[in-house]
Amino acid sequence: MGKNWWKILGVVLVSYSIVGGFLVPVPELPILNETIRNTYFHIPMWFAMMALLSYSLFHSIKFLAGFDLQHDNKADQSVQVALVLGLFGLLTGMIWAQYTWGSFWTNDVKLNGTAISMLTYLAYIILRGSIEDEHRKAKVAAVYNIFAWVMMILFIMVIPRLNDSLHPGNGGNPAFGSYDMDNTMRIVFYPAVIGWILIGAWITSIKIRIKNIDDTQKYA
Amino acid sequence: MEFSRVKSLVHKEFLLDWKEKNSIASILIYVTSTVFVCYLSFQTIIDTTTFNALLWIIILFTSVNTITKSFVQESENRLLYMYSLANPQEIIMGKLIYNSVLLLIISLVTFSAYALFLGNPIVDLPGFVGTLVLGSLGLSILLTVMAAIASKSSNNPALMAILSFPIIIPFLITIIALSLNFSQGVNDAQNFRYFLAIGGIMAIGITMAYILFPYLWRD
């Protein structure tokens, strides 16, 4: 129990955000209307994905510092979980876009940035698959992971500032951060973010342990 | 890092190219035939957006094809010999300088052939050529690191393209936006921000290549 409190917390927070997300009243905004409830499901995916990718970056750096394959395993598994979360974020976003902007895919910098980040990390997985030697694979993958993370941050942080975006807070669109997201939304939104990050961490930790068991069986 | 060793490494690359002239000749023929295919399919391009997009796609594919070789062509024995002569930072800097010069030549040749066949709608030519220079420098930095990574796997020929395209896109779209501005003669405050973004990406690319290449170069 003492070690597992954060898993329980994650389940409780996500369940709360699902119930609260559908029941708690939301501000009535033009175009968005009730679809604003997607905030509780779409945006936490990105937070959880970014948290896992940063965790992966941390372990890639740790791997290069000491060449311990355990760190490589952690980096690999968290990228895989982050990709799944990113896929869910993309799907929830696409459905939302269809109902508010009128099409599943628009030429928006954030959408393109996400697509490119996903491609980068899919390439990371392909790269791992195409190198046989464990140590060489781990080293090369760690270097690529660091490169990929920096380029993704550049894309997410810098490029949108050079162009307009349809997303809230850009190009004159209403921003949920400043005035549209009222306090009732916040009491659901922040727990949802924390909950999904914890759930993502939990899935990752299970995957890491499965990989470790596989490895001990393979080399035993 | 000693500059004299970097110089001799760059010198070595050029000597190799001089010795095996068909490698650089094949790149130039690749560019010319690609441009000619575009010419036969388009005849002339008046629209600057299409002009820029096509030009940069040709340059992107040519540079990926060119730079892929830069680590694969070194044989195991020659690599072992180089490990004993220079340290990794010197080797990556040598490769970066050599690839930059190579890509600079290639992109200028590409642009000349392209403008010759398809017409030249560029308004601000000096600015455009400057963007071309910046673009080939940046492409060579990012692609050299990706080539070093891709060369570690021997059984996947598509790996270089898979790894580098997503990484290169942020840089490429900024470069295309800048060159589009110059080709339309737009010279506003936006250009300065593009320059800043391009310079930033290049600086980060060089720094990371310098820090990370020592982990890649031998195993």
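So, in the stretch A:134-150, of the ones that are within 18 Å of the chain's Cα centre (by Cα) and touching a residue at least 60 places away in the same chain (Cβ under 8 Å), which residue ends up nearest to A:TYR124 (Cα to Cα)?
If we take residues in the stretch A:134-150 being within 18 Å of the chain's Cα centre (by Cα) and touching a residue at least 60 places away in the same chain (Cβ under 8 Å), then A:ASN145 is nearest to A:TYR124 (Cα to Cα).
Condition first: more than 16 Å from A:TYR99 (Cβ to Cβ), surrounded by 13 or more Cβ atoms within 10 Å (Cβ to Cβ) and among the hydrophobic types (A, V, I, L, M, F, W, C). Now tell me which residues in the stretch A:23-39 satisfy that. Full working, then the answer.
Taking the stretch A:23-39 as the starting set, the residues that turn out to be more than 16 Å from A:TYR99 (Cβ to Cβ) are A:23-25, A:27.
Okay, now just the ones that are also surrounded by 13 or more Cβ atoms within 10 Å (Cβ to Cβ), so A:24, A:27.
The answer is A:VAL24, and nothing else.
Tally up the residues in the stretch A:190-215 that are under 16 Å from the mean Cα position of the chain (by Cα), within 15 Å of A:GLN77 (Cβ to Cβ) and touching a residue at least 40 places away in the same chain (Cβ under 8 Å), please.
Adding up the residues that qualify gives 6.
Look at A:GLY2 and say whether it is among the small types (Gly, Ala, Ser) and either at pLDDT 90 or above or crowded, with 20+ Cβ neighbours inside 10 Å (or both).
No: the conditions fail for A:GLY2.
Any idea which of (1) under 12 Å from B:ILE106 (Cβ atoms); (2) at pLDDT below 90; (3) not hydroxyl-bearing (Ser, Thr, Tyr) is the one B:LEU9 doesn't satisfy?
Condition (1) is where B:LEU9 drops out.
Among the residues of the stretch A:47-70, is there at least one that is part of a helix (DSSP H, G or I) and acidic (Asp, Glu)?
Quick first cut of the stretch A:47-70, residues part of a helix (DSSP H, G or I) only: A:47-66, A:69-70.
Restricting the remaining residues to those that are acidic (Asp, Glu) gives none.
The answer is no; no qualifying residue exists.
Check whether at least one residue in the stretch B:132-146 is in contact with a Leu (Cβ under 9 Å, 6 or more places away or on another chain) and closer than 23 Å to A:HIS135 by Cβ, and report yes or no. Lay out the reasoning, then the answer.
Taking the stretch B:132-146 as the starting set, the residues that turn out to be in contact with a Leu (Cβ under 9 Å, 6 or more places away or on another chain) are B:132-141, B:143-146.
From what is left, the residues that are closer than 23 Å to A:HIS135 by Cβ are B:145-146.
Yes - at least one qualifying residue is present in the stretch B:132-146.
For B:VAL37, are the conditions met, namely being assigned to a helix (DSSP H, G or I) and surrounded by 12 or more Cβ atoms within 10 Å (Cβ to Cβ)? Outline the logic, then answer.
Details: assigned to a helix (DSSP H, G or I): yes; surrounded by 12 or more Cβ atoms within 10 Å (Cβ to Cβ): no.
In short, no.
Determine which member of the set B:PHE192, B:PHE182, B:PHE213, B:PHE171 is surrounded by 14 or more Cβ atoms within 10 Å (Cβ to Cβ) and more than 9 Å from chain A (Cβ to nearest Cβ).
On the way: B:PHE192 fails: surrounded by 14 or more Cβ atoms within 10 Å (Cβ to Cβ); B:PHE213 fails: more than 9 Å from chain A (Cβ to nearest Cβ); B:PHE171 fails: more than 9 Å from chain A (Cβ to nearest Cβ).
Exactly one of B:PHE192, B:PHE182, B:PHE213, B:PHE171 is surrounded by 14 or more Cβ atoms within 10 Å (Cβ to Cβ) and more than 9 Å from chain A (Cβ to nearest Cβ), namely B:PHE182.
The values are calculated or read from the model by the stated rules, or taken from the named source; none is laboratory data. As the structure is a prediction and not an experimental result, all values here were calculated from the model. We place every Cβ from the backbone using ideal geometry, glycine too, and count neighbours over all the protein chains shown.
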